[in-house]
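Everything below concerns the one structure shown next.
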Amino acid sequence: MDFPTDFIRFLTSATRVAVLTGAGVSQESGLRTFRDAQTGLWAQYKPEDLASPEAFASDPKLVWDWYAWRREAIKGVRPNAGHYALVEMEHRIPEFTLITQNVDGLHRFAGSQNVLELHGNIQKVRCSNCGKFAEMWDEYTEQVPQCLICGGLLRPDVVWFGESLPRAELESAVEAARSCQLFFSIGTSGVVQPAASLAHAARNKGSVVVEINAEPTPLTPKVDFSFHGKSGSILPELVKAVWRI
Ligand code: APR
């Protein structure tokens, strides 16, 4: 892919970069994006109908089993070239913040250090009552596993629809967006708030905004540079063009 010379020059000299990723970055690892159709037993459900406090309250076992199925699906999954390219970028840019909406843990698995998991992490499980994190649990049991401390039902440590995002992570993400020179939006449809506002926060502070996505999104008309295609191909090519690796 040919990158505009001014873009390459700007990224080469940038010292403060923020990146927002979505499910598209994990797609080439074999994980369906959030809005891809569900498959198998879960085809009859929309994620939005399962990932909510109301769904967990009305049928905790159904919701628990869906996340157990998703953890199982992630077990054999590995980061792709796009994840590793972002690790390389973090090594070369003094202030690099990776903000992700993904709950699959693949950025950390690939080696990214400064990761803000805005929507939590599906591999972590906590008590829905006292909030204590569980060290271990039975994935497939008749009943939803219970907290060893208070007996409350265990739940995945992810942000459900209608729930607020973890405050510390969100504040750090907003700070990174507002102070960066360059903001990347990668593999996200840019429709879910407040993550979708980060690119605008960056732009309002004068940052150069770049989108890398398989298809146009509502953000596309407002960015400075837009690259349509697979992040697993574009990101390694970008790293090669800038740092010759
Ligand atoms: N490379 C780049 N982009 C891709 C790729 C790829 N290989 N494959 C898919 N995409 C793009 C799609 O075109 C789509 O625009 O990634 C985007 C994924 O969008 P969504 O499925 O909406 O996922 P995401 O943006 O992460 O959803 C945000 O919404 O429902 C909530 O909590 C959920 O974190 C999720 C949030």
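Please give the helices (runs of 4 or more DSSP H) falling wholly within segment 1-113 in which 2 or more residues are more than 16 Å from ILE234 (Cα to Cα) and either in contact with an Asp or Glu (Cβ under 6 Å, 6 or more places away or on another chain) or more than 14 Å from the ligand (Cβ to nearest atom) (or both).
The qualifying helices (runs of 4 or more DSSP H) are 5-13, 53-58, 60-75, 81-92, 106-110.
Got a number for residues in segment 205-231 being within 28 Å of PRO166 (Cα to Cα) and within 9 Å of the ligand (Cβ to nearest atom)?
Pass one, segment 205-231, residues within 28 Å of PRO166 (Cα to Cα): 205-213, 217-220, 222-223, 231.
This time we only want the ones that are within 9 Å of the ligand (Cβ to nearest atom), so: 212-213, 217, 231.
Residues flagged as within 28 Å of PRO166 (Cα to Cα) and within 9 Å of the ligand (Cβ to nearest atom) within segment 205-231 amount to 4.
For segment 15-30, indicate whether the set of residues that are exposed (fewer than 13 other Cβ atoms within 10 Å of the Cβ), within 17 Å of the chain's Cα centre (by Cα), within 29 Å of GLU163 (Cα to Cα) and at pLDDT below 95 is non-empty. Even if it seems obvious, please write down each step before you answer.
So the first thing to find is which residues in segment 15-30 are exposed (fewer than 13 other Cβ atoms within 10 Å of the Cβ), and the list is 15, 30.
Next cut, within 17 Å of the chain's Cα centre (by Cα) only: 30.
Narrowing the set further to residues that are within 29 Å of GLU163 (Cα to Cα) leaves 30.
Those left that are additionally at pLDDT below 95: 30.
Yes: one or more hits.
Filter segment 196-219 down to the residues that are touching a residue at least 12 places away in the same chain (Cβ under 8 Å), farther than 19 Å from LEU170 by Cβ and among the small types (Gly, Ala, Ser) and list them by number.
Result: ALA214, single match.
Taking segment 187-204 as the search range and keeping residues that are of a type in the set (Gly, Ala, Ser) and within 7 Å of the ligand (Cβ to nearest atom), which one is modelled with the highest pLDDT?
By that ranking, first place goes to GLY187.
With the requirement that a residue be of a type in the set (S, T, N, Q) and in contact (Cβ under 8 Å) with a residue 40 or more places away in the chain, what does segment 69-127 give you?
The answer is ASN80, THR97, THR100, GLN101, ASN102, GLN123.
The values are calculated or read from the model by the stated rules, or taken from the named source; none is laboratory data. Being a predicted model, the structure only gives us computed values, none of them experimental. Glycine also receives a Cβ, built like all others from the backbone with ideal geometry; neighbour counts cover every protein chain displayed.
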